[in-house]
Amino acid sequence: MNKLNKKSIIILTTIIVVIVMVVMGVILFSRKEINNEQKETPYINDNVNDIGVQQKYEEKLKPKSITASVPIFMYHFVRDDTGDYEYPENMVKPETLRAQLQYIKDNGYETIYKDDIGRLEYFNKPVWLTFDDGWEDFYLNAFPLFKEYNMKASYYVITDLIGTPGYVKLEQLKEMKESGLIDIQSHTVTHPRLATLNASEVYNELSESKKFLKENLEIESNVICYPYGSYDDNVISISKEVGYQYGLAMSGGVYHSNKHINVYQIPRIYANRSMSIDTFASYIKQSRVYVEW
């Protein structure tokens, strides 16, 4: 009886050891396969136009070099009626914006934010849409379109005008921020020509607008959009001091990463009322990203 018990124990122990070894082998093989997949699978840009660019590929290989061309469009108003406004060309019709977003969608282009300029390897055909000043008609006429198309836009506000007639309200800004589609950034406090101000005035315009966005919207603004495209070396120096990482100008043309090295002088294309869809497309078609891994 004792011999039988011993034999049973030996057999049972052997079976348990074999099972444990098989399980451990399966686990080790699975880990090896996962590690190999992480090392060998390149980044696939399959969902870049969702709300924000996900950081799920951070652990993968970094590119050796990136050469990119990005059309960056500058808008102001989005409305049908120009009224008696002095600069009617600044007023793009909502139907025009819709046609442009439809073109972007139909042709596989990807709307981006300012932070994406530093990680263009995530994109194939990037386009950046920027809106200056912060008029309420953006909230009323453009924001619904960006929600409909699930696309991104950047919105530059003059903080002293928030809540005044015709201008965006704080609650509207909060709603747009919460959507995840609208990147709200600084267009100074009072919209002056910065290059005409002294150093302390420039500092106040840049720092106080940044402070307002932080305190009221919990936004760490890192882009300064220069009013009237007015800036100089002093303005750029103070922008860096205050904590801005990018500066948007009004000079025309497509942004080229190998040409526009100074990211405090990023050029933009004027999207005006008269711009045809063919003209819009001619700029859009220059979007491209070359990545060397």
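Every read-out reported here was derived from the displayed coordinates using simple, explicitly stated rules and does not represent laboratory data. Keep in mind that what you see is a predicted model, and the values were worked out from it rather than measured. Glycine also receives a Cβ, built like all others from the backbone with ideal geometry; neighbour counts cover every protein chain displayed.
Values computed for the structure shown
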{"read-out": "Inter-label distance, nm, simple model (7 Å from Cα along the C-beta direction), residue 98/residue 65", "value": "4.5 nm"}
{"read-out": "Gain in span if fully extended, residue 290 to residue 259, counting 0.36 nm per residue against the direct Cα distance", "value": "9.7 nm"}
{"read-out": "Label-point gap, in nm, between residue 164 and residue 199 - each point 7 angstrom along Cα→Cβ", "value": "2.9 nm"}
{"read-out": "Rounded FRET efficiency, nearest 0.05, which uses the C-beta distance separating residue 89 from residue 232 and R0 of 25 Å", "value": "0.40"}
{"read-out": "Calculated from backbone phi, Karplus (6.51, -1.76, 1.60) coupling profile of the stretch 279-291 in Hz, x at Gly/Pro", "value": "5, 4, 5, 5, 6, 4, 5, 7, 5, 6, 9, 10, 10"}
{"read-out": "Share of alpha-carbon pairs per 5 Å distance bin for the stretch 159-233, given as whole %", "value": "3, 16, 26, 25, 16, 9, 4, 1"}
{"read-out": "Residue exposure sequence - 74, 275 - by fewest surrounding Cβ within 10 Å", "value": "275, 74"}
{"read-out": "Residues 278, 84, 232, sorted so that the one with the fewest Cβ neighbours within 10 Å comes first", "value": "84, 278, 232"}
{"read-out": "Using a Förster distance of 35 Å, the FRET efficiency for residue 115-residue 82 (Cβ separation, nearest 0.05)", "value": "0.55"}
{"read-out": "Label-to-label distance, nm, for residues given as residue 147 and residue 220 (7 Å Cα→Cβ offset)", "value": "2.9 nm"}
{"read-out": "Loop trypsin sites (Lys or Arg not before Pro), the stretch 121-197 (other Cβ atoms within 10 Å of the site Cβ: 15 or fewer; DSSP)", "value": "169, 193"}
